[in-house]
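What follows is a set of notes on a single structure, which appears directly below.
The values are calculated or read from the model by the stated rules, or taken from the named source; none is laboratory data. From a predicted model like this one, the values you see are computed outputs, not experimental measurements. Quick reminder, even Gly has a Cβ in these numbers, built from the backbone with ideal geometry, and neighbours come from all protein chains shown. To get the accessible areas, we keep the full protein, side chains included, count just its heavy atoms, and leave off ligands, DNA and RNA. Shrake-Rupley method; radii C 1.70, N 1.55, O 1.52, S 1.80 Å.
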Amino acid sequence: MKLATLKNNTRDGQLVVVSRALDKAVLVNDIAATLQAAIDNWSEISPKLAEVYQSLNNNEISDTLAFEQSECESPLPRAYQWADGSAYVNHVELVRKARNAEMPATFWTDPLMYQGGSDAFIGPRDDISIASEEFGIDFESEVAVITDDVPMGSSPEQAASHIKLLMLVNDVSLRNLIPGELAKGFGFFASKPSSAFSPVAITPDELGDAWDGKKLHLPLTTHLNENLFGQPNCGVDMTFDFPTIVAHAAKTRPLSAGCVIGSGTISNYDRSAGSSCLAEIRMLEIIADGKPSTPFMSFGDTVRIEMFDSEGASIFGAIDQKVVEYKAK
């Protein structure tokens, strides 16, 4: 099943069911007005949405809309929780190696995670508005899951049953602000502006064999200024799978329905697949040459993040954004 949220001049948008081919959509106000309303009562609502989805794909619904990704909010325009992990520890290892820092052994056994701002996600085709290029503007191509209610202390095996939807993410980072914030010992805040998610959120069954209940085994493709930047495989070198990082998030607190948990930057040891953020390329350059040569993003630069199935069809639609200068109104 594929679900999206259309912009409608409200904070939470309008939930629609989207065809598998991403060309048609149908309003489902009579079932759930928003995705949050659906996930709040998922066990009752999802079978009804699934019936609509099947009918839509069978061309049994006449009252449909042409699905335009440019008209989408992120599937959850705002969420009660957005927590991003760092499941690809080789990426963390690389960053620390570039600055000649030892990596604690616990990084391989205890997931890293930060709590991001979830009150104002931006749409998958919305501009990334940043006040200054001096902040070190970077994209991070990731995968995220949406859960229903997850009890505190859930094991990874229990957490797996609470993963209901998957999305793609552009977790925008302001790299030049990060060192100063981390030096304070209190984590990210200003260095992590609003994130954007794919036009469509999907149920795991849409992925077939590419989803094993724990990992998504497909490449995630990123283009920077229309040039291929990277397509590392999400199922390769993922130290902590999704049930593990969801369970980690629920270690000392329950997670409310609509909680979004991110994978962190997709990264493979095989660097021939490219990267999912500029910081990784810059770290490789530092290791090889002693200094970075790739700049961070400038105003006018674009980034496109997308995943394709084995037949080349887009699964989630595309995050396609341009960096622009923010000017206060």
Is it fair to say Phe316 is open to solvent by less than 10 Å² (accessible area, probe 1.4 Å) and on the phi < 0 side of the Ramachandran plot?
yes
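Is it true that Gly213 is open to solvent by 10 Å² or more (accessible area, probe 1.4 Å) and either in the same structural domain as Ile137 (by the TED database) or more than 30 Å from Ser19 (Cα to Cα) (or both)? Let's see the steps before the verdict.
Values: open to solvent by 10 Å² or more (accessible area, probe 1.4 Å): yes; either in the same structural domain as Ile137 (by the TED database) or more than 30 Å from Ser19 (Cα to Cα) (or both): yes.
For Gly213, the condition - open to solvent by 10 Å² or more (accessible area, probe 1.4 Å) and either in the same structural domain as Ile137 (by the TED database) or more than 30 Å from Ser19 (Cα to Cα) (or both) - is met.
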Which one of Glu206, Glu140 is open to solvent by 10 Å² or more (accessible area, probe 1.4 Å), under 26 Å from Lys327 (Cβ atoms) and of a type in the set (Asp, Glu)?
Glu140
I'm trying to understand the selection: among the residues of region 44-72, which are touching a residue at least 40 places away in the same chain (Cβ under 8 Å) and either charged (D, E, K, R) or in a helix (DSSP H, G or I) (or both)?
Ser46, Leu49, Ala50, Tyr53, Gln69, Ser70, Glu71
For region 100-119, how many residues meet the condition of being open to solvent by 50 Å² or more (accessible area, probe 1.4 Å) and within 22 Å of Val172 (Cβ to Cβ)?
4
If Tyr80 passes every condition in (1) assigned to a loop (DSSP other than H, G, I, E, B); (2) outside the structural domain of Ile202 (by the TED database); (3) modelled with pLDDT of 95 or more but one, which one does it miss?
(2)
Does Ala247 count as in contact (Cβ under 8 Å) with a residue 24 or more places away in the chain, within 24 Å of Met1 (Cβ to Cβ) and part of a helix (DSSP H, G or I)?
no
Condition set of a type in the set (Lys, Arg) and in a loop (DSSP other than H, G, I, E, B), scope region 253-306, selection nearest to Trp82 (Cα to Cα): answer is Arg253
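Residue by residue, here is whether (1) more than 18 Å from the chain's Cα centre (by Cα); (2) open to solvent by less than 10 Å² (accessible area, probe 1.4 Å); (3) in the same structural domain as Arg253 (by the TED database) holds:
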site: Val17; (1), (2), (3): yes, yes, no
site: Lys24; (1), (2), (3): yes, no, no
site: Thr34; (1), (2), (3): yes, no, no
site: Glu44; (1), (2), (3): yes, no, no
site: Lys48; (1), (2), (3): yes, no, no
site: Val52; (1), (2), (3): yes, no, no
site: Leu56; (1), (2), (3): yes, yes, no
site: Asp63; (1), (2), (3): yes, no, no
site: Asp84; (1), (2), (3): no, yes, yes
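Tell me whether region 93-109 contains one or more residues that are of a type in the set (D, E, K, R) and closer than 19 Å to Pro243 by Cα. It would help to see each step written out before you state the result.
So in region 93-109, the residues of a type in the set (D, E, K, R) come out as 93, 96-97, 99, 102.
With closer than 19 Å to Pro243 by Cα added as a condition, the list becomes none.
So far as region 93-109 goes, no, none of its residues is of a type in the set (D, E, K, R) and closer than 19 Å to Pro243 by Cα.
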State whether one or more residues within region 227-240 are among the polar types (S, T, N, Q), assigned to a loop (DSSP other than H, G, I, E, B) and under 26 Å from Asp110 (Cα atoms).
yes
Go through region 162-187 residue by residue and tally those that are of a type in the set (Gly, Ala, Ser) and touching a residue at least 60 places away in the same chain (Cβ under 8 Å).
2
Which of the residues belonging to region 9-27 are in contact with a helix residue (DSSP H, G or I) (Cβ under 6 Å, 6 or more places away or on another chain) and among the hydrophobic types (A, V, I, L, M, F, W, C)?
Leu15, Val17, Val26
If a residue must be closer than 22 Å to Lys251 by Cβ and surrounded by fewer than 16 Cβ atoms within 10 Å (Cβ to Cβ), how many such residues does region 150-181 contain?
7
Across region 283-294, which residue is nearest to Asn227 (Cα to Cα) among those that are open to solvent by less than 60 Å² (accessible area, probe 1.4 Å) and touching a helix residue (DSSP H, G or I) at 6+ places or on another chain (Cβ under 8 Å)?
Thr294
